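Heads up: the structure comes next, in structure tokens.
The values are calculated or read from the model by the stated rules, or taken from the named source; none is laboratory data. All values reported here derive from a predicted model rather than from experimental measurement. Neighbour counts run over all protein chains shown; Cβ positions are idealised from the backbone, glycine included.
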Amino acid sequence: MRNTLLQGLRAPLTEAAPETDDPEFSALAATVAEAAERTLGRSLAIRHVDAGSCNGCELEIHALNNAFYDFERFGFRFVASPRHADVLLVTGPVTLNMREALKRTYDAAPAPKWVVASGACAADGGVFAGSYAIAGGASDVVPVDLVIPGCPPSPEMLLKGLLALMKGRAG
């Protein structure tokens, strides 16, 4: 018990906060905000679909909402219903049990819609490809507009991917 209490008094082992004056990240933030406004004229609604992941990608996606990245300042927000979504953000290999759920989620999202496969598993099944329980990557079930590589992709890669998606749509 004593050791547990003493561990709580030690400094946490976390990475340092990003510099608030980082010019590269500030430029990315301005570009993303401008593209969101130009492409949609409003916020971008994202519905996350976990198709069977190990939760590595989810940790990075959740980091987008923390105080360091502050995802919503760009006009992006996560929504609970696919009926309100502009983007379906798919993570993990599509398991056989989630194949029908992903199809129904895609069908429920209003047109026009984008599908983003986030991470190696959503792209092609990743390390789980060929398993008896895996239907494949997201593109084996629904049409995918963008693949964000990585295992898992960092929050900055996710932002750059969404920016590329919006620029491609606007251009």
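What about Ala135, is it crowded, with 16+ Cβ neighbours inside 10 Å and assigned to a strand (DSSP E or B)? Working first, answer last.
Details: crowded, with 16+ Cβ neighbours inside 10 Å: yes; assigned to a strand (DSSP E or B): yes.
It is true that Ala135 is crowded, with 16+ Cβ neighbours inside 10 Å and assigned to a strand (DSSP E or B).
The rows are residues; the columns are (1) within 18 Å of the chain's Cα centre (by Cα); (2) part of a helix (DSSP H, G or I); (3) at pLDDT below 70; (4) not small (Gly, Ala, Ser).
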{"site": "Leu5", "(1), (2), (3), (4)": "no, yes, yes, yes"}
{"site": "Glu15", "(1), (2), (3), (4)": "no, no, yes, yes"}
{"site": "Pro18", "(1), (2), (3), (4)": "no, no, yes, yes"}
{"site": "Ala45", "(1), (2), (3), (4)": "yes, no, no, no"}
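Which of the numbered conditions does Ala101 fail, given that it passes all the others? Conditions: (1) touching a Pro at 6+ places or on another chain (Cβ under 8 Å); (2) part of a helix (DSSP H, G or I).
(1)
Would you say Ala123 is outside any helix (DSSP H, G or I), at pLDDT 90 or above, buried (at least 17 other Cβ atoms within 10 Å of the Cβ) and in contact with a helix residue (DSSP H, G or I) (Cβ under 9 Å, 6 or more places away or on another chain)? Talk me through it step by step, then tell me what you get.
Working: outside any helix (DSSP H, G or I): no; at pLDDT 90 or above: yes; buried (at least 17 other Cβ atoms within 10 Å of the Cβ): yes; in contact with a helix residue (DSSP H, G or I) (Cβ under 9 Å, 6 or more places away or on another chain): yes.
No; evaluated as a whole, the condition is false for this residue.
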